[in-house]
């Protein structure tokens, strides 16, 4: 892509025996989110990505929630990752790297993104409790693992401090949105250039 590119969009559907997921993504949006997943706390977190990443994100999901939320959360991550890869295209002219520190009261998280073409997740989030409401916080790692595997990006997530699990999660997702926003941003000095010595990402 070039720095003059105005819109990078994708729409991806993923259907399995466990879930049916639809993700629509616009990397050059205004932070609008629309979510219908049956998992309210995940929707709250997805909204953080949209608003702080300044991307328009729509997620619709139907899953086997009568069992638990695992398949739905993981498959949303997978489908989001596929949409992100599609919207980025050949990645010409982007900054590639992004990072953010985000606080919320006592909690602080750091997220670093490299749109490297290589999937890798380093996840260090010592949640202070196992659930926020009915949501099992272990599922956030499944979400991000699915995302990095299918977007082919390198992602480091560190919760540096926090005692409230809701705050820990929210800082993590806000920081991811901010870091992603930086990484996908067109760099006018890199117009038409792939940001890699390999010539491809």
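The values are calculated or read from the model by the stated rules, or taken from the named source; none is laboratory data. All values derive from a computational prediction rather than experimental measurement. Positions of Cβ are generated from backbone atoms using ideal geometry, with glycine treated the same way; all protein chains shown enter the neighbour counts.
Things worth noting here:
Yes/no per residue for (1) out of contact with any helix residue (DSSP H, G or I) (no Cβ under 6 Å at 6 or more places or on another chain); (2) buried (at least 20 other Cβ atoms within 10 Å of the Cβ); (3) not in a helix (DSSP H, G or I):
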residue: 14; (1), (2), (3): no, no, yes
residue: 29; (1), (2), (3): yes, no, yes
residue: 58; (1), (2), (3): yes, no, yes
residue: 68; (1), (2), (3): yes, no, yes
residue: 78; (1), (2), (3): no, yes, no
residue: 100; (1), (2), (3): no, yes, yes
residue: 103; (1), (2), (3): yes, no, yes
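- Candidate set: the stretch 142-197, residues that are surrounded by fewer than 17 Cβ atoms within 10 Å (Cβ to Cβ) and assigned to a strand (DSSP E or B); chosen: the one farthest from the chain's Cα centre (by Cα): 161
- Residue list for the stretch 111-141, filter: under 12 Å from the mean Cα position of the chain (by Cα) and within 14 Å of residue 73 (Cβ to Cβ): 140, 141
- Of the candidates 176, 144, the single residue that is under 19 Å from residue 39 (Cα atoms) and either touching a strand residue (DSSP E or B) at 6+ places or on another chain (Cβ under 7 Å) or at pLDDT 95 or above (or both) is 144.
- Every condition in (1) surrounded by fewer than 20 Cβ atoms within 10 Å (Cβ to Cβ); (2) at negative phi; (3) in contact with a helix residue (DSSP H, G or I) (Cβ under 9 Å, 6 or more places away or on another chain); (4) not in a helix (DSSP H, G or I) is met by residue 51 except one, and the failing one is (4).
- Every pair of residues 6+ apart whose Cβ atoms lie under 8 Å, when the first sits in the stretch 146-171 and is at positive phi and in contact (Cβ under 8 Å) with a residue 60 or more places away in the chain while the second is outside any loop (DSSP other than H, G, I, E, B) and surrounded by fewer than 21 Cβ atoms within 10 Å (Cβ to Cβ): 152/85
- All positions within the stretch 80-98 that are at pLDDT 95 or above and either touching a helix residue (DSSP H, G or I) at 6+ places or on another chain (Cβ under 7 Å) or farther than 21 Å from residue 186 by Cβ (or both): 80, 81, 82, 84, 85, 88, 94, 95, 96, 97, 98
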